[in-house]
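What follows is a single structure, written as structure tokens, with notes after it.
The values are calculated or read from the model by the stated rules, or taken from the named source; none is laboratory data. Keep in mind the model is a prediction, meaning the values are calculated, not measured. Here the Cβ is made from the backbone with ideal geometry for all residues, glycine too, and neighbour counts use every protein chain on show. Remember, those area values only see protein heavy atoms, side chains included, never the ligands or the DNA or RNA. Shrake-Rupley method; radii C 1.70, N 1.55, O 1.52, S 1.80 Å.
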Amino acid sequence: MTPADSIPAPRDTTDLRRSATDAGTGASAPALHLSELTRHFRTDQGTVKAVDGVSLTVGRGEVVGLVGESGSGKSTVGRCAVRLDEPTGGTVRINGRDVTHLSRRALRPLRKDFHLVFQDSSSSLDPRMTVGRIIAEPLRLHGLASKTAARTRAAELLGQVGLRPEHADRYPHELSGGQRQRVSIARALSVDPDLLIADEPTSALDVSVQAAVLNLLADLQRDRGFGCLFITHDLEAVEYLADRIAVMYLGQIVEEAPAPELFARPAHPYTQALLSAAPVPDPAVQRTRERIVLSGELPSPLAPPPGCRFHTRCPLADARCRTEIPELRTLSGGRRVACHLVSTDGTAPDAAAAAAAP
Ligand code: SF4
């Protein structure tokens, strides 16, 4: 069975979507709001601009997909959002509260509100703890349950993520990759967070279990209504799970749109290229589709190209693109695009035609 066979059609999440506003605190605020987030690293070779001015909102009950090539900075955004990595600029708000500069100690009681599920569950689960203890630990750490109540809750969560009661007494190395990822999800959800950051949660798994873990995430998100930043390079998965999608290139967002619109009508030439490389379930459509092959590698974030960062690989680049930075503009319908050639009504140039031209 291929992922295309096993992943159902995009779900209707209209009832889950709530307005993602920048303002407000507590219940009226978005689960996550990043404003001009930057993460620069100093190295012997110079300054690496891993994330450079990313603004993004995840509303309550909303799933926002963050996609891009490896090295685009998407995982660093996720790590900065939960303060596992320190932002060097901009702000991070969770439930309306500015957590950008909170000390570790001040942040500790808030950690129940947000969790990150890593790609590699084997390194994120303590090998010396049983599965039952791993799941119950956040409840105990935050003083949310007695030892007995935490154990009961862990047993419930095991069932909710499709594991059996006897798994509670096993150690992580006794489980398969898919089972370990289910444990990671159960632990993250044990304290009922408002925000889950899922960083490539299925990419380390066998194809045969990827769809099952993805379906589990979708079901839990629908039932519990937490906001989710879903970081992935798997376009099929993001189309299935996300309400909105942001596309990153070299540390910046180049396009953001509701998922169905992004897939139906990608505007930024980079998004067009990315989607053209994704497999389509229908072989007839696949045969007729023009693939945009980008020339060259992703440039180094040590020295991003001037002007539009994509100009060294863009089939539509002109003189203006080489000198003038395109602003990330909000177009009609709420789409955001950073390209000089996309008009305000969203009309976009055809990157495939330009790439095919002699
Ligand atoms: Fe391509 Fe120019 Fe648009 Fe950048 S601004 S994506 S180089 S057309």
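Among the residues of the range 273-288, at least one is away from the ligand (no atom under 16 Å from the Cβ), in contact with a Ser or Thr (Cβ under 9 Å, 6 or more places away or on another chain) and outside the structural domain of G53 (by TED's automatic domain parsing).
Just the residues that are assigned to a loop (DSSP other than H, G, I, E, B), closer than 22 Å to L144 by Cβ and not acidic (D, E), please, taken from the range 190-217. I'd like the intermediate steps shown before the answer.
Looking only at the range 190-217, we keep the residues that are assigned to a loop (DSSP other than H, G, I, E, B), and these are 190-194, 200-206.
With closer than 22 Å to L144 by Cβ added as a condition, the list becomes 190-194.
Result: S190, V191, P193.
Would you check if there is a residue in the range 252-263 being charged (D, E, K, R), away from the ligand (no atom under 13 Å from the Cβ) and crowded, with 23+ Cβ neighbours inside 10 Å?
Step one: of the range 252-263, the residues charged (D, E, K, R) are 255-256, 261.
Remaining after also requiring away from the ligand (no atom under 13 Å from the Cβ): 256, 261.
Cutting the leftovers down to crowded, with 23+ Cβ neighbours inside 10 Å gives us 256.
Yes: one or more hits.
Give the number of residues within the range 82-103 that are in contact with a helix residue (DSSP H, G or I) (Cβ under 8 Å, 6 or more places away or on another chain) and free of Cβ contacts under 8 Å to residues at least 40 places away in the same chain. Please lay out each step first, then the result.
Looking only at the range 82-103, we keep the residues that are in contact with a helix residue (DSSP H, G or I) (Cβ under 8 Å, 6 or more places away or on another chain), and these are 83, 85-87, 92, 94-97, 99, 102.
Still in the running and free of Cβ contacts under 8 Å to residues at least 40 places away in the same chain: 83, 99, 102.
Qualifying residue count for the region: 3.
Quick one: in the range 95-135, which of the residues that are touching a Ser or Thr at 6+ places or on another chain (Cβ under 9 Å), closer than 29 Å to A155 by Cβ and of a type in the set (G, A, S) is modelled with the highest pLDDT? Among those residues, the one meeting the criterion is S124. Out of curiosity, is L229 more than 16 Å from the ligand (Cβ to nearest atom) and in a strand (DSSP E or B)? Against the criterion (more than 16 Å from the ligand (Cβ to nearest atom) and in a strand (DSSP E or B)), L229 qualifies. Is it the case that some residue within the range 301-314 is closer than 23 Å to L56 by Cα, more than 12 Å from the ligand (Cβ to nearest atom) and open to solvent by 20 Å² or more (accessible area, probe 1.4 Å)? Yes; the residues of the range 301-314 include at least one that is closer than 23 Å to L56 by Cα, more than 12 Å from the ligand (Cβ to nearest atom) and open to solvent by 20 Å² or more (accessible area, probe 1.4 Å).
On the stretch given as the range 126-167, residues that are surrounded by 18 or more Cβ atoms within 10 Å (Cβ to Cβ) and either part of a loop (DSSP other than H, G, I, E, B) or not assigned by TED's automatic domain parsing to the domain that holds P109 (or both) total 3.
Among the residues of the range 213-238, what is the count of those that are within 15 Å of V58 (Cβ to Cβ) and open to solvent by 10 Å² or more (accessible area, probe 1.4 Å)?
Just the residues of the range 213-238 that are within 15 Å of V58 (Cβ to Cβ), to begin with: 217, 221, 224-232, 238.
Those still in the list that are open to solvent by 10 Å² or more (accessible area, probe 1.4 Å) too: 224-225.
Residues that pass the stated criteria total 2.
Scanning the range 65-79 for residues that are open to solvent by less than 10 Å² (accessible area, probe 1.4 Å), among the β-branched types (V, I, T) and farther than 12 Å from E200 by Cβ yields a total of 1.
In the range 52-106, what residues are outside any loop (DSSP other than H, G, I, E, B) and among the aliphatic types (A, V, I, L, M)? Spell out the reasoning first.
Initial filter on the range 52-106 (outside any loop (DSSP other than H, G, I, E, B)): 52-58, 63-67, 74-81, 89-94, 97-98, 104-106.
Residues satisfying the conditions are V54, L56, V58, V63, V64, L66, V67, V77, A81, V92, I94, A106.
Could you check how many residues of the range 153-195 are of a type in the set (S, T, Y) and in contact with a strand residue (DSSP E or B) (Cβ under 6 Å, 6 or more places away or on another chain)? Residues that pass the stated criteria total 1. Residues in the range 315-349 that are part of a loop (DSSP other than H, G, I, E, B), over 23 Å from the mean Cα position of the chain (by Cα), within 11 Å of the ligand (Cβ to nearest atom) and not hydrophobic (A, V, I, L, M, F, W, C): 6 in all.
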